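Reviewing the structure listed below.
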Amino acid sequence: MIWGQFLFAIMSSSASALDVDSSVNPSVEPSVAPTPSMLVLVRNELYSYLRRLLGFLAARTLEFIRPDRYIIYKEVAPSRTCAIQLERVPRKTLILDLDETLLHSCYIDPETKENVGGSQVPACAVPDYQIHLTIDGIEPILFSVFKRPHVDEFLDHVAQWYDLAIYTASVESYAARVVDMLDAGRGILQRRFYRQHCRSNTSIVSKDLTLVNRDLSRTLIIDNTPNAYRDFPHNAIPIKSFIYDPSDTELLKLLPFLDALRFTKDVRSILRRRVENH
């Protein structure tokens, strides 16, 4: 949409330069010069595209030069025995935390001008998304969003194996916009739970998994914050917090385990072993 508006503005300007008289030809619309804000949006989209392109080229180069260091998950069709087992067990629900699990966001505080959440992000880092949000009546805040590496591949895989749900302690006005971008029209992140769905005890915020699925035998959550699942330790898979690390592979590392876990009748029979061993 932004590219279309920009090109329309350029074409309109060109028509003006050629002295096209709209009074003679009513079908010609008046020229519209590209605004500074439009140029900034185009620049940001171009940076984002170049960042993704360079990442793709770097990954393919690394795969060719050092295949032992390039991690990829290739799904194999289940055997007849496995297919029968999948039919016997119910499809499970995978709950995904948002911030520091699937992505990281930072923003400039309108009052202090402090870069909140950006202290560990290099100044040269190009965000995957940038969004302006007005929260609680405060002037629009610019959020820069950095996706965790391999998050799109991760979501593509797990969406085939599980019913997905996002459960975040972030406010809905922010999270809904970010999840829309993360879903990217795939329709795999339709179920969403926000801060108002969390339990709050003083400064500790936790999540009620029964709001997502009352059957805890087929419910699990991936979250970087232990307090979030403190009431459901046998349904949790911890993950390292993500701030900014282009070499991060934590999501890919989880794929083989998640692929296997869907064959179990009760996820707690496996996940409780992590708690018992600590």
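Observations, loosely collected:
- Among the residues of the stretch 143-158, the ones that are out of contact with any Leu (no Cβ under 8 Å at 6 or more places or on another chain) and either β-branched (Val, Ile, Thr) or surrounded by fewer than 20 Cβ atoms within 10 Å (Cβ to Cβ) (or both) come to 2 in all.
- Within the stretch 196-217, the set of residues being among the β-branched types (Val, Ile, Thr) and on the phi < 0 side of the Ramachandran plot comprises 204, 205, 210, 212.
- The C-beta contact set for the stretch 206-220 (first residue modelled with pLDDT of 95 or more and buried (at least 21 other Cβ atoms within 10 Å of the Cβ), second residue assigned to a helix (DSSP H, G or I) and of a type in the set (A, V, I, L, M, F, W, C), distance under 6 angstrom, 6+ apart or interchain) comprises 207/228; 219/209.
- Residue in the stretch 221-228 that is exposed (fewer than 12 other Cβ atoms within 10 Å of the Cβ), in the same structural domain as residue 147 (by TED's automatic domain parsing) and free of Cβ contacts under 8 Å to residues at least 12 places away in the same chain present: no
- Each residue in the stretch 213-251 was checked for being of a type in the set (A, V, I, L, M, F, W, C), assigned to a loop (DSSP other than H, G, I, E, B) and in contact with a helix residue (DSSP H, G or I) (Cβ under 9 Å, 6 or more places away or on another chain), and 3 pass.
- Within the stretch 127-152, the set of residues being under 17 Å from residue 171 (Cβ atoms) and of a type in the set (A, V, I, L, M) comprises 131, 133, 135, 138, 141, 142, 145.
- When 40, 76 are checked against the criterion of being out of contact with any strand residue (DSSP E or B) (no Cβ under 6 Å at 6 or more places or on another chain) and modelled with pLDDT of 80 or more, 76 stands alone in meeting it.
- Scanning the stretch 230-247 for residues that are at pLDDT 95 or above and small (Gly, Ala, Ser), we see that the one that is surrounded by the most Cβ atoms within 10 Å (Cβ to Cβ) is 236.
The values are calculated or read from the model by the stated rules, or taken from the named source; none is laboratory data. Treat the numbers as computed from the prediction; the structure is a model and nothing was measured. Counting neighbours? That spans all protein chains shown, and the Cβs are built from the backbone with ideal geometry, glycine included.
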